[in-house]
Every structure is written in structure tokens, then in C-alpha cells.
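Inspection log for the structure reproduced underneath, given as C-alpha cells.
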Amino acid sequence: MLTSLHSHSSLGAICTAIVIFIWNQKNPDNRVSIIVMAFFGFIVARIPDWDIFLNEELGWDSTNMAHRSVYTHSILGILLFGLTFLIMIYAINKIIKKYDLGNVLPNKIISFALTVSVISHVFSDALEDYPTRTFYPLTKNEFYGVIPTSFYHNEIFLISLIVVSLVGILALDNIDKKNAKKRFEMNQSSSEE
């Protein structure tokens, strides 16, 4: 059965793919795989709902860890996740350098792209008519979105979002590869002259 987690994952994947596509167009010599990053965006977009796992599976019953808490569904949560991604990519790069495993990852763009995936989750939840303290710590007020929960969890909506995201990711990847090939051919012809 499809759930809102699928919409979060689909939205996170396409948002991550868009960020990486723009990066690749501006940094053709330091390209990042759109498909790989879309996959990570797909996974990372679910992270703000880890509070559900803590509450339901581990039995943690805490007001601070209620679903859509300030630690997961707010500006504070976005900053915490973004900082975590930056530290993780930095640590991975240290391992890559230490053991000479290849090229280091462009940590700022990868952590930014993954943070955009989290932002897409928080933003889509903020649109639903369910209370969320999206702007915490700027304000403690709860905000209610305009999209009814019945629409947000409708299978036609979810399937449409999944299809649009998948097609969008594949299209961006195809365009990116064509542009890279074109640049390579132009460099080859200019170096032969």
C-alpha cells in the first residue's frame, strides 16, 4: 500500500536530482551522478519521519519526539540534518583520502542536495492540514496547511507523483549525459586543432 512516505521519497528524489543537475551544468569537470544522488534523496527524504519509528517500534513515548516534532519537521530539524550530512560527507572524504579510494566527494553540494531532500519533506508536510511547527525556533506556533489529508494520501496523487518524479529524474539524467558528451566532443575537437 502506498503511503505519504512514498510521496516524500519521490519528491525528495526529484528535488535532489534537480540540485545535482544544476550543479553538473555549472561544474562539468566535477560532475555527480544524478541517478545515484536521486536514490540517496529518495532515502533521505524519509529521515524526518524517524520519530514514527522511535515511537511505534521502540516504544519511546516522549512529547519531544511526537510525530512532526521540532527536531524533525522544522527549520531547526533542517539545520540539524544538514549539519549531520555535511559532517558525514566530510568523514567519508577523510576515509577516501586516507585509504586512497579514489576521488573525494564534493561535500558541500552533496550535503546541500540531501538537505534539499529533507526540506522537500518538511515543506510537503507543512502543506497538509495537520499541525506542524515548521518555523521553530523562530516561532512556536503550529501551522496548518491547505491540502486535505484525504487528498494528500490519495493513491492517484501518490502514483502520479511517483511517475512524474521518476520520469523527471530520468529526463534530467539523459540531458546531463548528452551535455557532458557534447562538452567532451568539443574539448576533443579543440585539442586536435
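On the stretch given as segment 171-193, residues that are part of a helix (DSSP H, G or I) and loosely packed, with under 10 Cβ neighbours inside 10 Å total 5.
In segment 149-170, of all residues being open to solvent by less than 90 Å² (accessible area, probe 1.4 Å) and at pLDDT below 85, the one that is nearest to residue 18 (Cα to Cα) corresponds to 152. Taking segment 6-42 as the range and being outside any helix (DSSP H, G or I) and either among the charged types (D, E, K, R) or crowded, with 23+ Cβ neighbours inside 10 Å (or both) as the test, only 31 passes. The one condition from (1) under 15 Å from residue 7 (Cα atoms); (2) modelled with pLDDT of 95 or more; (3) crowded, with 16+ Cβ neighbours inside 10 Å that residue 113 does not meet is (1).
Every listed requirement among (1) over 16 Å from the mean Cα position of the chain (by Cα); (2) closer than 24 Å to residue 21 by Cα is met by residue 115 save one, (1). If you go through segment 90-108 and keep only what is under 20 Å from the mean Cα position of the chain (by Cα) and not in a helix (DSSP H, G or I), you end up with 105, 106. For beta carbons closer than 8 Å, sequence separation of 6+ or different chains, a first residue in segment 177-193 that is under 25 Å from residue 21 (Cβ atoms) and a second that is in a helix (DSSP H, G or I), the qualifying pairs are 179/24; 179/25; 179/28; 180/24; 180/28; 183/28. Looking at segment 123-138, can you tell me whether even one residue there is at pLDDT 95 or above and either within 27 Å of residue 34 (Cα to Cα) or open to solvent by 80 Å² or more (accessible area, probe 1.4 Å) (or both)? No.
The values are calculated or read from the model by the stated rules, or taken from the named source; none is laboratory data. Here the structure is a predicted model, which means the values were calculated and not measured. Cβ sites come from the backbone with ideal geometry, for glycine too, and all protein chains shown count toward neighbours. The protein model used for the area step is the full one, side chains on, heavy atoms only, and it has no ligands, DNA or RNA in it. Shrake-Rupley method; radii C 1.70, N 1.55, O 1.52, S 1.80 Å.
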